[in-house]
Amino acid sequence: QVQLVESGGGLVQPGGSLRLSCAASGSIVSINDMRWYRQAPGKERELVADITSYGSTNYADSVKGRFTISRVNAENTVYLQMNSLKPEDTAVYYCNADCQAIATMTWVNYWGQGTQVTVSS
């Protein structure tokens with residue numbers, strides 16, 4: 001069984017910073033791409049950033065220059081450093097990853113439970 005557990009969300013004032021973490025645990029052989037999504041109330045879930053196992057990254061236009069995704073492969077962990085936060089960044093942030101589990105040796109896409117980020121004065 002593979003689990004993704006996010007942490008680091010909270011309430012922050014506009015212009016502030018937060019760092020989200022997501023740790024993958026369980027019987028994992030390998031992890032390919034890791035991603036952060038977000039979903040604001042009344043809106044569809046959107047891709048915020050993704051990172052390959054080699055460290056190549058992509059960002060949504062709305063967060064470029066403000067957010068940084070990174071990972072530590074040895075720890076099966078992905079991070080999202082969020083700077084210059086805006087009220088429109090308020091959402092539930094979800095971790096997502098393609099993992100190869102020992103039990104099945106197949107690639108499966110997993111989601112975390114989400115962590116709330118609220119940007120408000």
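Bear in mind these aren't lab numbers, they're just calculated from the coordinates by the rules spelled out. Bear in mind that the values here come from a model prediction, so they are computed numbers and not experimental data. Cβ sites come from the backbone with ideal geometry, for glycine too, and all protein chains shown count toward neighbours.
How large is ³J(HN,Hα), in whole Hz, for each residue of the stretch 98-108 in order, when computed from phi with the Karplus curve 6.51 cos²θ - 1.76 cosθ + 1.60 and θ = phi - 60°, using x for Gly and Pro?
3J(HN,Hα) across the stretch 98-108, in whole Hz: 9, 10, 9, 8, 4, 4, 10, 6, 10, 8, 10.
With only Lys, Arg, Asp and Glu charged, each at its Cβ (+1 for the first two, -1 for the last two), find how big the charge dipole of the chain is about the Cα centre; round to the nearest 20 debye.
About 200 debye.
Can you give the FRET efficiency to the nearest 0.05 for Arg66 and Val5, using r as the Cβ-Cβ distance and R₀ = 22 Å?
Details: r = 24 Å, r/R0 = 1.11.
Once rounded, the FRET efficiency stands at 0.35.
Counting other Cβ atoms within 10 Å, which chymotrypsin sites (Phe, Trp or Tyr not before Pro) in the stretch 1-100 have at most 14 and lie in a DSSP loop?
Filter output for the stretch 1-100: Tyr54.
Please compute one quarter of the surface area of the Cα convex hull for the chain and express it in square nanometres.
With every direction weighted equally, the projected area is 7.0 nm².
Could you pull out the GluC sites (Glu not before Pro) across the stretch 1-52 that fall in loop regions by DSSP (anything but H, G, I, E, B) with no more than 14 other Cβ atoms inside 10 Å?
Glu44
Using the Karplus curve 6.51 cos²θ - 1.76 cosθ + 1.60 with θ = phi - 60°, what ³J(HN,Hα) values do you get for each residue of the stretch 37-49, in whole Hz, with x for Gly and Pro?
Taking θ as phi minus 60°, the curve returns 10, 9, 9, 8, x, x, 10, 6, 5, 10, 6, 9, 7 Hz for the stretch 37-49.
Using only the Cα atoms of the stretch 21-61, build the gyration tensor, take square roots of its eigenvalues as a ≥ b ≥ c, and label the shape rounded, prolate or oblate: rounded if a/c is under 1.5, else prolate if a/b is larger than b/c, else oblate.
Working: a/c = 3.42, a/b = 1.55, b/c = 2.21.
It comes out oblate by the Cα gyration axes.
Identify unpaired cysteines across the chain, taking unpaired to mean no other cysteine Cβ lies under 4.7 Å from the residue's Cβ.
Cys99
List the longest stretch of the chain that has no exposed loop site; here a site is one of the trypsin sites (Lys or Arg not before Pro) assigned by DSSP to anything other than H, G, I, E or B, with at most 14 other Cβ within 10 Å.
Here the longest segment lacking exposed loop sites spans 65-121.
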